[in-house]
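Here's the structure we're looking at; comments come further down.
Each reported figure results from applying straightforward, stated rules to the coordinates on display, with no laboratory input. Quick caveat, the model's predicted, so the values are computed rather than measured. Backbone-built Cβ (ideal geometry, glycine too); neighbour counts: all protein chains shown.
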Amino acid sequence: MKPRILVSRLVFPEAIERLAEHFEVDYHQEDAPLPPAQLAARLADKQGALTLISDRIDASALAAAPGLKAVCNVAVGYNNLDIEALSRAGIMATNTPGVLDDTTADTAWALLLASARRIVAADKWVRAGQWQGWKFHDDWLGDDVHHATLGILGMGRIGQAVARRAAGFDMRVTYHNRNRLAEAEEAACRAEWVDKETLLRQADFLVLMLPYSPATHHAIGAAELALMKPTAHLINVARGGIVDDAALIEALQHKRIGGAGLDVFENEPALDPRYFALDNVVLTPHIGSSSRATRLKMALLAADNLIAALSGRRPPNLLNPQAFAG
Ligand code: GLV
């Protein structure tokens, strides 16, 4: 008999076909999360699960699933998984690093350019029929990206992909990360390590690329925003909660920074409605990795992790190897 797995939410048929060669698949074929009680009930008789970032997998989700051996997240971020609870229960956890680096870096750049040059507000204005004629001293004087200083907070694979793209804009690239990159990696990105305060003070464009955890909760709050230049733009395609949204809204309302480009929010999708009244912020609905090709690669990589985990092999992207050592 094939092992039973749950796919908690709509993915791609290609991933389901691959999984169905190995497993009996219980597929929640809707693009909406299962309510927690239904998720727990459908996990109860399963050996594996393919989960999305909207599924909270913690001790209560696992309590009724004694046979579960692997939870494979279709995302690089995994703050929806309680890794300690999974490890205590002897369940493997995996994510999908690598395949979404370039797409997510592209999204960061899209927001950066849109914020710098006020693209979204200008588009709205044109559509509203307000353009009466070309002006030299128009209402859309933006900030230059070329030759500016890019600051990247969190310099993993995606941070480095963001940095590499800055070469075309002749930017100075600074970064802050707990661990400094090796010299060769710094050279490949033309990036210079600086302490966090220097990063905040000098960046014209500050891009956040940290994973979310209690340690990074509100890494950017009122005190950090106060250090930024009044013309600086803040870009977040990492996770909501890294930025204190109330403090950022306040800074944007009082024009204490130049602008922001945000793909992620605290309590998303229930955004703080004060964002909607601001024209110095560009808002997108957590689409960092959302190209068709990349989302397909993510689903297939998660499927491969699940197939490996339930065939007695070590999945390529195991997050809790210490729970299975020895
Ligand atoms: C998306 O947010 C991801 O973590 O992959």
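Which order do the peptides 118-131, 101-114, 286-299 come out in when sorted by mean C-beta neighbours inside 10 angstrom, highest first?
Numbers: 118-131: 13.1, 101-114: 22.1, 286-299: 18.3.
In descending order of packing, they fall as 101-114, 286-299, 118-131.
Restricting to the stretch 101-283, compute how many DSSP beta bridges are antiparallel as a %, nearest 5. It would help to have the intermediate numbers written out before the result.
Working: 0 of 24 bridges.
So the antiparallel bridges amount to about 0 percent of the total.
What length, rounded to one decimal in nm, is gained on full extension from GLU268 through to PHE136, with 0.36 nm per residue of separation minus their alpha-carbon distance? Before the final figure, lay out the partial values.
Working: separation 132, 0.36 × 132 = 47.52 nm, distance 3.95 nm.
Gain on extension, GLU268 to PHE136, equals 43.6 nm.
What does the extension gain come out to for ALA44 and HIS22, with contour length at 0.36 nm per residue minus their alpha carbon separation?
Numbers: separation 22, 0.36 × 22 = 7.92 nm, distance 1.92 nm.
Gain on extension, ALA44 to HIS22, equals 6.0 nm.
Can you name the helices of the chain, as whole DSSP H runs, whose Cα span along the helix axis is 24 Å or more and whose Kyte-Doolittle mean is not below 0.5? Spell out each step's value before the answer.
Working: long enough: 292-310 (27 Å, 0.82).
Passing helices, by number: 292-310.
Kindly give the semi-axes, whole Å and largest first, of the ellipsoid equivalent to the stretch 15-139, taking each as the square root of 5 times a Cα gyration tensor eigenvalue.
Working: eigenvalues 396, 49, 42 Å².
Semi-axes, largest first: 45, 16, 14 Å.
Using helices alone, what [θ] at 222 nm do you get for the chain, with -39,500 (n - 2.57) per DSSP H run of 4 or more residues, divided over all residues and rounded to the nearest 500? All intermediate terms of the calculation are to be shown ahead of the outcome.
Working: 12 runs with 108 residues, N = 326.
Here the helix-only value at 222 nm equals -9500 deg cm²/dmol.
Less than 12 Å Cβ to Cβ from SER115, Lys/Arg counted +1 and Asp/Glu -1: what total charge do the surrounding residues give? Present the calculation step by step, with values, prior to reporting the outcome.
Values: positive: ARG117, ARG118; negative: ASP143, ASP204, ASP263, ASP279.
Here the count lands on -2.
Can you tell me what share of the DSSP beta bridges in the chain is antiparallel? A percent to the nearest 5 is fine. Write out the running numbers ahead of the final one.
On the way: 1 of 40 bridges.
Antiparallel bridges make up about 0 percent of those DSSP assigns within the chain.
Based on the Cβ-Cβ distance of THR231 and SER291, what FRET efficiency does E = 1/(1 + (r/R0)^6) give at R0 = 35 Å, to the nearest 0.05? Intermediate values should be presented prior to the final figure.
Working: r = 31 Å, r/R0 = 0.88.
So, using R0 = 35 Å, E works out to roughly 0.70.
Need one number: nm distance between label points at ARG313 and ALA182, each 7 Å from Cα along Cα→Cβ, rounded to one decimal.
2.7
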